[in-house]
Amino acid sequence: MKISGYTIFDNKPIELSLDNRTISSITELQSTNSKLRIAPALVDIQVNGFAGFDLNVPNVTSDDVIDMVRALWRVGTGFLCPTIVTASFEDISNSIKAIVAACESDPMVDRSILGIHLEGPYISPQDGPRGAHPRGHVRKPNWDEFRRLQDVANGMIRIVTLAPEISGAISLIEKLVAEDIVVAIGHTDASPQNIRDGISAGARLSTHLGNGAHAMIQRHPNYIWEQLGADELWASLIVDGYHLPPTVVKSMIRAKTLERCILISDATALARMPSGQYQFAGQSVQLTADRRIHLLGTEYLAGSAIELVSGVENSVQFADISLPEAITLATLQPLRLLGAEKEIRELGDDLILFEWNPETFEINLKMTILNGQVVDQNS
Ligand SMILES: [Zn+2]
């Protein structure tokens, strides 16, 4: 079977030869009539769950992790950082164990998981900044506890999101950075000085900038402007159209520039599920038909229900950037943050094939190829 299309970044016509659902060769063509675009498989550094599988329930199993990762392949996400949120030590450990066991039992899943993102538990206890994280398990930074979690994870924890204003956070940031862990500021009520201190200690990312915040804040200064204006910090953005209004997405991408932005889905187990009321993270939530999840009776969003590819589509529409630029924010940028750009790019056989409709800003995914093998095909 032969498939031709245009590469996304340099717009070259190429032909993939597939033999038994595996790439046997890639040839450059003079031209092709194909409308297919060929891009690297997407990389999502914040995934809490997907398609009914929840990484943050006490009874999550390695099979759940494997099935979740495979469900993500079907929507073009080839690589991810499974994200574990604030919970008791036992529950965080259980989730980590399920991820480690999944990696040990399935080499393709192992290859897809770039590291664990630990979001919390060292975050602000306040309503608003805390988001949907359970208040009862929010706690002070504790290096000893982190070490024990990292031992359970066999060293797989690669990103930690924390609030720099909490007592003990700055010294924890320094220790994490010394171990090559990406420290992200998030779920925070930090003062501008707290943010500067976090940056000095080595924090490099703002997790879902503009979310995990109070509904009302002082116009300026505040923790959003301070992070937005800090060139030392990259920003991950949830571009589902709800977490950030379109003009905010545009303003943030322009302020940060493409060099410092990353798209994330922050997907929960409710992504890919039918709309309705659910018990989720111990709380009643509503998933609306237009893919918005909110805590019943509050104005707060309780996670996102999109796949990363929708964030790519929305970014083109909201921020007036090109499709290749938007793809970069969901592929090369997260890999650069993790220092994994080279290891993935050189393989060159982790691809998505899709058609793009510039009028409706829609990506119509046709195929995901990982490690040279077709892992999903939509005719
Ligand atoms: Zn969060």
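The values are calculated or read from the model by the stated rules, or taken from the named source; none is laboratory data. Quick caveat, the model's predicted, so the values are computed rather than measured. Positions of Cβ are generated from backbone atoms using ideal geometry, with glycine treated the same way; all protein chains shown enter the neighbour counts. Just so you know, the surface numbers come from the protein's heavy atoms only, side chains and all, with ligands and any DNA or RNA stripped out. Shrake-Rupley method; radii C 1.70, N 1.55, O 1.52, S 1.80 Å.
The set of residues in region 109-128 being over 19 Å from the mean Cα position of the chain (by Cα) and either at pLDDT 95 or above or near the ligand (Cβ under 10 Å from one of its atoms) (or both) consists of Y122, S124, P125, Q126. Taken together, the criteria exclude D151 from residues that are modelled with pLDDT of 95 or more, open to solvent by 30 Å² or more (accessible area, probe 1.4 Å), over 23 Å from V47 (Cα atoms) and over 19 Å from the mean Cα position of the chain (by Cα). Remark: pairs (first residue in region 129-146, closer than 21 Å to G282 by Cβ; second residue modelled with pLDDT of 95 or more and aromatic (F, W, Y); Cβ separation under 7 Å; 6+ apart in sequence or on different chains) = R139/Y122. Step by step: first the residues of region 297-337, then only those that are part of a loop (DSSP other than H, G, I, E, B) and polar (S, T, N, Q), then the one that is surrounded by the most Cβ atoms within 10 Å (Cβ to Cβ). Which residue is that? Among them, the one singled out is T331. In this structure, is H214 away from the ligand (no atom under 16 Å from the Cβ) and surrounded by fewer than 17 Cβ atoms within 10 Å (Cβ to Cβ)? Judged against the criteria, H214 is not a match.
Test T268 against the criterion of being of a type outside the set (G, A, S) and within 15 Å of the ligand (Cβ to nearest atom), and give yes or no. Considered against the rule, which asks whether it is of a type outside the set (G, A, S) and within 15 Å of the ligand (Cβ to nearest atom), T268 comes out as yes.
From the list I166, I173, I159, pick out the single residue that is of a type in the set (A, V, I, L, M, F, W, C), away from the ligand (no atom under 16 Å from the Cβ), over 20 Å from N59 (Cα atoms) and surrounded by 21 or more Cβ atoms within 10 Å (Cβ to Cβ). Result: I173 is the single residue among I166, I173, I159 that is of a type in the set (A, V, I, L, M, F, W, C), away from the ligand (no atom under 16 Å from the Cβ), over 20 Å from N59 (Cα atoms) and surrounded by 21 or more Cβ atoms within 10 Å (Cβ to Cβ).
Evaluation of I293 against the conditions (1) among the β-branched types (V, I, T); (2) away from the ligand (no atom under 16 Å from the Cβ); (3) without any contact (Cβ under 8 Å) to a residue 40 or more places away in the chain shows that the sole unmet condition is (2). Which of the residues spanning region 201-210 are farther than 20 Å from L176 by Cα and either out of contact with any Ser or Thr (no Cβ under 9 Å at 6 or more places or on another chain) or more than 15 Å from the ligand (Cβ to nearest atom) (or both)? Scanning region 201-210 gives a single hit, G210. In region 41-56 there is no residue that is open to solvent by 70 Å² or more (accessible area, probe 1.4 Å), more than 16 Å from the ligand (Cβ to nearest atom), modelled with pLDDT of 95 or more and touching a strand residue (DSSP E or B) at 6+ places or on another chain (Cβ under 6 Å).
G198 meets each of the listed conditions (1) more than 16 Å from the ligand (Cβ to nearest atom); (2) open to solvent by 10 Å² or more (accessible area, probe 1.4 Å); (3) touching a strand residue (DSSP E or B) at 6+ places or on another chain (Cβ under 8 Å) apart from (2). Of all the numbered requirements in (1) touching a residue at least 40 places away in the same chain (Cβ under 8 Å); (2) within 16 Å of the ligand (Cβ to nearest atom); (3) touching a strand residue (DSSP E or B) at 6+ places or on another chain (Cβ under 9 Å), G282 misses one, and that requirement is (3). Applying the condition of being open to solvent by 40 Å² or more (accessible area, probe 1.4 Å) and in contact (Cβ under 8 Å) with a residue 40 or more places away in the chain to region 217-250 and asking which residue is nearest to the ligand (Cβ to nearest atom) yields Y242.
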